[in-house]
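Visitor: Could you have a look at this structure, given as structure tokens, before my questions?
The values are calculated or read from the model by the stated rules, or taken from the named source; none is laboratory data. Fair warning: this is a prediction, and the values are worked out from it, not measured in the lab. For neighbour counting, all protein chains shown are included, and Cβ atoms are generated from backbone atoms with ideal geometry for every residue, glycine included.
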Amino acid sequence: MNPLLKGTLAVLLLSTSLFASVAADAEPLRIAHRGGTGDAPENTVTAIRAALANRVDAVWITVQLSRDGVPVLYRPATLDVLTNASGPVSAQTAAQLAQVDAGWNTGKSAGSAATPWRGRGIGIPTLEAVLRDFPETVFFVDIKSPDAPPHAMAQALAGVLQATGSLTRTRVYSTDQRYLGALPAQVNRFESRDLTRGVLAQSAMAHRCELPAADDGGGERWFGLEMKRDVEVVEKYTLGEARSRALLVWDQEAIDCFRSQGRARIVLFDVNSEADYRQAKALGADAVMINSPAQFRAIAR
């Protein structure tokens, strides 16, 4: 069978079963971070196509709201970071954002103004267009809207997921719990980052498992955090405090803790080497987030 067709069929199967049976596969699922930010302009249709061609199992995308309230794919706080436009995403309509050059600064070398992706007609796509263009792909949707009210983002995002029939093949993440809390019940989501980081810290530093029970009393819970995370530890004294750097690292004790209260799915972020991938596999992670699907294509499953 043609390798590309085989990969596409695998994604088709995963789109209907990912949220029910991830753990049945001993290999962690591969999620293309921002569509594969290491290979193409991030959060673009070009990146998503390349990631799927390189046989990822799912795609992670980040969304903000345009001026006319449309969820679009973009991550930084301002457009000048990646594009030839400036200002916040929320200052332009979805139609205007589609015309900016989303590859303007991708692959830019130090001391050079040229990039390999400029002038290729790669714009900022809407979430709805992406979900319709890739109807069999599993997407993780990361809310990165710096200025949209949580209820407005929740309403717009849920509307797109419902209109495209994507509720069962998507799961929403945000570093800000307000956005997750505003989502309607039918939208799949991750547990909060604060909860995940806190439980990991207790396990790693105090060897205690303090995982709160799920709000709904059962069901599958998804947790996502960097496999290795630099943190600042604050020690309180009577007359002051001391601060020091520390590294939070997932180990088997932490994995077991998160799975101690039922069905837990664990996604490890920033897995960008074969050594880290093998470590994630040994720990039994359900999925890993990778920057370069092209690089990982050579790593045997």
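Visitor: Enumerate the pairs (first residue in the stretch 280-301 and surrounded by 16 or more Cβ atoms within 10 Å (Cβ to Cβ); second residue anywhere and among the acidic types (Asp, Glu) and not in a loop (DSSP other than H, G, I, E, B)) with beta-carbon separation below 7 Å, excluding pairs fewer than 6 apart on the same chain, so at least 6 apart or on different chains.
Guide: none
Visitor: Let me ask you something else. Name every residue in the stretch 123-172 that is among the charged types (D, E, K, R) and either in contact with a strand residue (DSSP E or B) (Cβ under 7 Å, 6 or more places away or on another chain) or more than 22 Å from Ser90 (Cβ to Cβ) (or both), in order of residue number. Even if it seems obvious, please write down each step before you answer.
Guide: Restricting attention to the stretch 123-172, the residues satisfying the condition of being among the charged types (D, E, K, R) are 128, 132-133, 136, 142, 144, 147, 169, 171.
Within the stretch 123-172, Arg132, Asp133, Glu136, Asp142, Lys144, Arg169, Arg171 meet the criteria.
Visitor: Is it the case, given these coordinates, that Glu232 is in a strand (DSSP E or B), among the charged types (D, E, K, R), surrounded by fewer than 17 Cβ atoms within 10 Å (Cβ to Cβ) and in contact (Cβ under 8 Å) with a residue 12 or more places away in the chain?
Guide: It is true that Glu232 is in a strand (DSSP E or B), among the charged types (D, E, K, R), surrounded by fewer than 17 Cβ atoms within 10 Å (Cβ to Cβ) and in contact (Cβ under 8 Å) with a residue 12 or more places away in the chain.
Visitor: Sticking with this structure for a sec: Being touching a residue at least 40 places away in the same chain (Cβ under 8 Å) and of a type in the set (S, T, N, Q) narrows it down to one of Ser86, Ser145, so name that one. Working first, answer last.
Guide: Working: Ser86 fails: touching a residue at least 40 places away in the same chain (Cβ under 8 Å).
None of the other options fit; the residue is Ser145.
Visitor: I'm trying to understand the selection: among the residues of the stretch 163-179, which are surrounded by fewer than 22 Cβ atoms within 10 Å (Cβ to Cβ), touching a residue at least 24 places away in the same chain (Cβ under 8 Å) and assigned to a helix (DSSP H, G or I)?
Guide: Within the stretch 163-179, Ala163, Thr168, Arg178 qualify.
Visitor: If a residue has to be of a type in the set (Asp, Glu) and surrounded by 15 or more Cβ atoms within 10 Å (Cβ to Cβ) to count, how many in the stretch 190-217 make the cut?
Guide: Residues in the stretch 190-217 being of a type in the set (Asp, Glu) and surrounded by 15 or more Cβ atoms within 10 Å (Cβ to Cβ): 1 in total.
Visitor: Here are the criteria: (1) within 12 Å of Phe258 (Cα to Cα); (2) at pLDDT 95 or above; (3) in contact with a helix residue (DSSP H, G or I) (Cβ under 7 Å, 6 or more places away or on another chain); (4) hydroxyl-bearing (Ser, Thr, Tyr). Tell me which single one Ser203 does not satisfy.
Guide: Among (1) within 12 Å of Phe258 (Cα to Cα); (2) at pLDDT 95 or above; (3) in contact with a helix residue (DSSP H, G or I) (Cβ under 7 Å, 6 or more places away or on another chain); (4) hydroxyl-bearing (Ser, Thr, Tyr), the lone unmet condition for Ser203 is (2).
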